[in-house]
Amino acid sequence: MSNNNYGWRSRDPLRAARFALKDAVNRGTLGFSSAATHAERFARFLEWARQAHGVRRLEHITREHVIGFGELLKATGASARTHQNYISSINTVMRIASRGQWQSVSPRKEAHAPRRDEVRKDPAPTREQAERAISAIKDPVIRGCARVMYALGLRAKEAGLLDPARALREAERTGRITVERGTKGGRARSVPATAEAKAALRALSDALRGSRNAVSVFGSTKAYRSALNAHRSALKGSGVGRYHDLRAAYAVQRYQQITGHAAPCMAGGHRSAPDALDLRARETIAQELGHGRIDVVAQYVGGR
């Protein structure tokens, strides 16, 4: 492998980064829109690194450069979300471009990103609301995707790229499924496959009628997204605002299962679970939802 921009067929580091992201999209480990967003954020960072530190190749980028960019974001008053998103995108691009050699910079602990003040205060959908909303979706494929979002805590993109027949075989063999395609940053994770989850996988597999996944049924990720949007009104009519709320419904149920207490957002913002159980639940839920930080779990179950 060439030591020029990790061998990504260009002497220009930004073009090389775009080639790396495109390769991740082609392999199905990154979505097209996510790749575009990461590239846009990385371009801003790279321009700063060129001007401030003379960086001309991806191999020249260090963790100290990323930390310095974090200091710049803080000094210019970037929001917590913007700050963390930029550092996350830089980590993602460098991890993909370096083929896993990059050691990620923690947005909060190292890059000075402020804590996000995003704590769920409204209740997540109850089991009855989620079931009613899913049943109201007319298209069997979209209905099946919504069901696996709820039963396995998947993102919409992950549900659309999931091969339910393969996942079901793994679930029957191990009691868990591996989520690989469509994940943020290409990070695979393992989630428990309950009887409800297996039923959801069977329903989606039946709806696909032999196709590998929902995206292939609709022909493209864009067409799949359009189909999701076309059926969003069915969710809203049943009291579920968006597909992402199905992940919150999954999270609060897992919190209840692990702690034996209602999630704070389901109890008027009050937490009754002991500290140790609460922490254990948040660590488990963060892993199962594909997040690297437990503070993000507050967006699903409420604050600590």
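The values are calculated or read from the model by the stated rules, or taken from the named source; none is laboratory data. Computed from a predicted model, the values in this text were never measured in an experiment. Reconstructed Cβ throughout: ideal geometry from the backbone, glycine too, with neighbour counts over all protein chains shown.
Numbers for the structure displayed
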read-out: Only one of 54, 28 that is modelled with pLDDT under 90 and not hydroxyl-bearing (Ser, Thr, Tyr); value: 28
read-out: Test set (1) in contact with a Phe, Trp or Tyr (Cβ under 8 Å, 6 or more places away or on another chain); (2) outside any loop (DSSP other than H, G, I, E, B) - residue 261 fails condition number; value: (2)
read-out: Which listed residue is touching a helix residue (DSSP H, G or I) at 6+ places or on another chain (Cβ under 6 Å) and in contact (Cβ under 8 Å) with a residue 60 or more places away in the chain, from 246, 289, 277; value: 246
read-out: Criterion: within 20 Å of residue 124 (Cα to Cα), in the same structural domain as residue 164 (by TED's automatic domain parsing), modelled with pLDDT of 90 or more and surrounded by 18 or more Cβ atoms within 10 Å (Cβ to Cβ) - qualifying residue of 248, 197; value: 197
read-out: Residue count, the range 137-150 (criterion: assigned to a helix (DSSP H, G or I), more than 18 Å from residue 300 (Cα to Cα) and among the β-branched types (Val, Ile, Thr)); value: 2
read-out: Sole residue being over 17 Å from the mean Cα position of the chain (by Cα), part of a loop (DSSP other than H, G, I, E, B) and not assigned by TED's automatic domain parsing to the domain that holds residue 224, chosen from 11, 50; value: 11
read-out: When residues of the range 255-304 are limited to those that are among the charged types (D, E, K, R) and closer than 21 Å to residue 184 by Cα, the one surrounded by the most Cβ atoms within 10 Å (Cβ to Cβ); value: 282
read-out: From the options 226, 220, 216, 238, residue that is hydroxyl-bearing (Ser, Thr, Tyr), assigned by TED's automatic domain parsing to the domain that holds residue 149 and either modelled with pLDDT of 95 or more or over 21 Å from the mean Cα position of the chain (by Cα) (or both); value: 216
read-out: One residue from 91, 85 being in contact (Cβ under 8 Å) with a residue 40 or more places away in the chain, in contact with a Pro (Cβ under 9 Å, 6 or more places away or on another chain) and over 18 Å from residue 23 (Cβ atoms); value: 85
read-out: The lone exception for residue 134 - which of (1) under 30 Å from residue 43 (Cβ atoms); (2) modelled with pLDDT of 95 or more; (3) assigned to a helix (DSSP H, G or I) it fails; value: (1)
read-out: Test for residue 124: is it under 21 Å from the mean Cα position of the chain (by Cα) and in a helix (DSSP H, G or I); value: no
read-out: Residue list for the range 266-304, restricted to those being in contact with a Cys (Cβ under 8 Å, 6 or more places away or on another chain) and of a type in the set (A, V, I, L, M, F, W, C); value: 301
read-out: Which numbered condition residue 204 fails, given (1) in contact (Cβ under 8 Å) with a residue 60 or more places away in the chain; (2) over 30 Å from residue 84 (Cα atoms); (3) not in a helix (DSSP H, G or I); value: (3)
read-out: For residue 147: the one exception among (1) closer than 21 Å to residue 255 by Cβ; (2) within 20 Å of the chain's Cα centre (by Cα); (3) surrounded by fewer than 18 Cβ atoms within 10 Å (Cβ to Cβ); value: (3)
read-out: Answer residue from the range 83-112, given it is of a type in the set (D, E, K, R) and assigned to a loop (DSSP other than H, G, I, E, B) and is surrounded by the most Cβ atoms within 10 Å (Cβ to Cβ) among those; value: 108
read-out: Residue satisfying condition, being basic (Lys, Arg), in contact (Cβ under 8 Å) with a residue 40 or more places away in the chain, in contact with a Gly (Cβ under 8 Å, 6 or more places away or on another chain) and outside the structural domain of residue 146 (by TED's automatic domain parsing), within set 127, 56, 63, 132; value: 132
